[in-house]
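Below is one structure, written out as structure tokens; the observations come after it.
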Amino acid sequence: MEILATVLFAVAVLHTFCVQRFAHWAHQYPKGSIQENLLHFLAETEVVFGLWAATLFAGIVALKQSVHDAVVYIESLNYTEPKFVLVVMVVAATRPVVRLAESMISAVARLLPFKEAMAFYVAALTVGSLLGSFITEPAAMTLLALVLKRRYFDHGITRKFAYASLGLLFVNVSIGGTLTHFAAPPVLMVAAKWQWDTAYMFTHFGWRAALSCVASTALVAWYFRKELNALEVQAHKAQPIPAWLTTMHVLFLAAVVGFAHHPDVFFGVFMLFLGLVTATREYQDGLKLREGLLVGFFLAGLVTLGSLQAYWLKPLIESLDGATLFFGATGLTAITDNAALTYLGSLVEGIDDSLKYALVAGAVTGGGLTVIANAPNPAGVGILQKAKAFGDEGISPLGLFLGALPPTAIAMVFFWFVA
């Protein structure tokens, strides 16, 4: 089973790098044909790991000659995180919550001595990313992707700037959730066992994350300053939203976050929330149910395949020293979810504090390099995939990797070399 899971995991990783090719092939068939629809399905990044996880299920049935054994394996896994990301993404992507977040970012932007397009960009990718420490990283990713898509990615920015911004967004969200102990998935996996609280996270990780976000955003904004300053701010007269309705949405979001480890409870909260949205549809946009389901499916597939990688990841972690573990975790995160990586590290008994820090710091630092590196990344891809800046073929994994390299390098400096 472990060898089969590793082979399928490797195939799934390769598949994520081929989605652009599948999209290209789809255009060679008649619109609406079975071939075109099938290739478009295979070109959905969020489908990849779920598809190969289903193949693993079938493989277990064949290996064990038992459907029961395959079902027992699935039921032995914890799918709380995929369920949570589905719910929090839908709740956070509603018009009242997005409008509130945008107004907060705009308020900060008005304090900056730049043109509006530049000021909002800087505020969104610094303050907005750090908001993930309080509303959770999936929620922050959803909010920022929606706002940045409307203001930048759909307004004629160059492909180079688009990938630089995408990489910056993914890296900043990955590290921006480390000011607290409950918002970033890789921190959540170890915080209880290692007794890390918010005070510990801020003093060891949070201030480094904040400085890294500011430095990376400043670098990208300066490099693309001409393009940013040339962007025309689109006049946007929005329908007023009652304050009580925004308050209700924030309370529902807080309830979902508060019960993040209790799926039966937060799904109940979600059902009540759907009732509120139905009753106030005149102040709502279409719910991001499809995007949320796709991202949840992606993460569920990652859990299904990733849980059987312990046999080679765990010994590898045990054999490394601090510096090697930090840089190794940064690299490994690019090919496996960083929460899975830190979880496997938490299984190693007797690991000292310096190695604990190295593992988590490396995991969050590398969280923007690929779609699978950090749980919220598929949410960002799901929203930005169809943005005008990326054309008909969507987001290229190689483009994301190259765009994320500079902010990743800056994060590595702050998390490892700055005392």
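The values are calculated or read from the model by the stated rules, or taken from the named source; none is laboratory data. The structure presented is a predicted model; accordingly, all values stated were derived computationally and were not measured. Cβ: placed from backbone, ideal geometry, glycine included. Neighbour counts: every protein chain shown. Areas reflect the complete protein model, heavy atoms only, side chains present, ligands, DNA and RNA absent. Shrake-Rupley method; radii C 1.70, N 1.55, O 1.52, S 1.80 Å.
Sorting the segments 146-155, 218-227 by their residues' average number of neighbouring beta-carbon atoms within 10 angstrom, most packed first, yields 146-155, 218-227. Centre-to-centre, using Cα atoms only, the stretch 281-345 and the stretch 61-121 are separated by 14 Å. Three principal axis extents describe the C-alpha atoms of the stretch 281-419; from largest down they are 55, 31, 30 Å.
Among the listed pairs Lys115/Lys160; Lys149/Lys314; Lys83/Lys386; Lys83/Lys149; Lys31/Lys288; Lys288/Lys314, a Cα-Cα separation exceeding 29 Å is found for Lys149/Lys314; Lys288/Lys314. Modelled this way, with points 7 Å down the Cα-to-C-beta line, the labels at Leu63 and Leu211 are 4.6 nm from one another. Highest mean packing first, where packing is the average number of other Cβ atoms within 10 Å per residue, the peptides 363-371, 403-411, 200-208 line up as 363-371, 403-411, 200-208. Electrostatic tally near Leu287: other residues with Cβ closer than 11 Å to its Cβ, Lys and Arg +1, Asp and Glu -1, net +2.
Dividing the Cα radius of gyration of the stretch 341-419 by 2.2 N^0.38 Å, with N the residue count, gives 1.35. Net charge in the neighbourhood of Phe22 (other residues with Cβ under 14 Å of its Cβ; Lys, Arg +1, Asp, Glu -1) is -4. Classify the stretch 89-178 as rounded, prolate or oblate from the Cα gyration tensor: take a ≥ b ≥ c as the square roots of its eigenvalues, call it rounded if a/c is under 1.5, otherwise prolate when a/b beats b/c and oblate if not. Verdict is rounded for the stretch 89-178.
Probe radius 1.4 Å, ligands and nucleic acids ignored: give me the carbon and sulfur share of the accessible area of the stretch 215-300 as a rounded percent. Here it works out to 65 percent. The smallest convex shape that holds all Cα atoms of the stretch 6-97, its convex hull, gives 150 Å³ per residue.
Local charge for Leu299 was computed over the other residues whose Cβ lies under 11 Å away, with Lys and Arg +1 and Asp and Glu -1, and equals -2.
Please check which bits of the stretch 369-413 a label hung off Asp154 would reach, taking the label as a point 7 Å along Cα-to-C-beta and the cut-off as backbone N under 15 Å. Correct set: 382-391. This model, with +1 at the C-beta of Lys and Arg and -1 at the C-beta of Asp and Glu, gives the stretch 278-419 a dipole about its Cα centre of some 360 debye. Which values of log₁₀ I(q)/I(0), to two decimal places, follow from the Debye formula for the stretch 15-64 at q = 0.15, 0.29, 0.31, 0.32 Å⁻¹ with a uniform point scatterer at every Cα? Log10 I(q)/I(0), no solvent term: -0.47, -0.96, -1.03, -1.06. Looking only at the stretch 155-195, which residues have a backbone nitrogen under 20 Å from a spot 7 Å from the Cα of Ala238 in the C-beta direction? Zone members listed by number: 155. The alpha carbons of the chain stretch over 62, 58, 42 Å along the principal axes, in descending order.
The label-point distance for Trp222 and Ile3, in a model that sets each label 7 Å from Cα toward Cβ, rounds to 5.4 nm. Each residue, Glu393 and Ser307, gets one label point 7 Å from its Cα in the Cβ direction; the gap between the two is 3.7 nm. Taking a ≥ b ≥ c as the square roots of the eigenvalues of the Cα gyration tensor, an a/c ratio of 1.5 or more together with a/b no larger than b/c marks the stretch 120-260 as oblate.
Solvent exposure of the chain amounts to 42 Å² per residue of accessible area, where only protein heavy atoms count and the probe is 1.4 Å. For the peptides 395-402, 11-18, 172-179, the ranking by mean Cβ contacts within 10 Å, running from highest to lowest, is 172-179, 395-402, 11-18.
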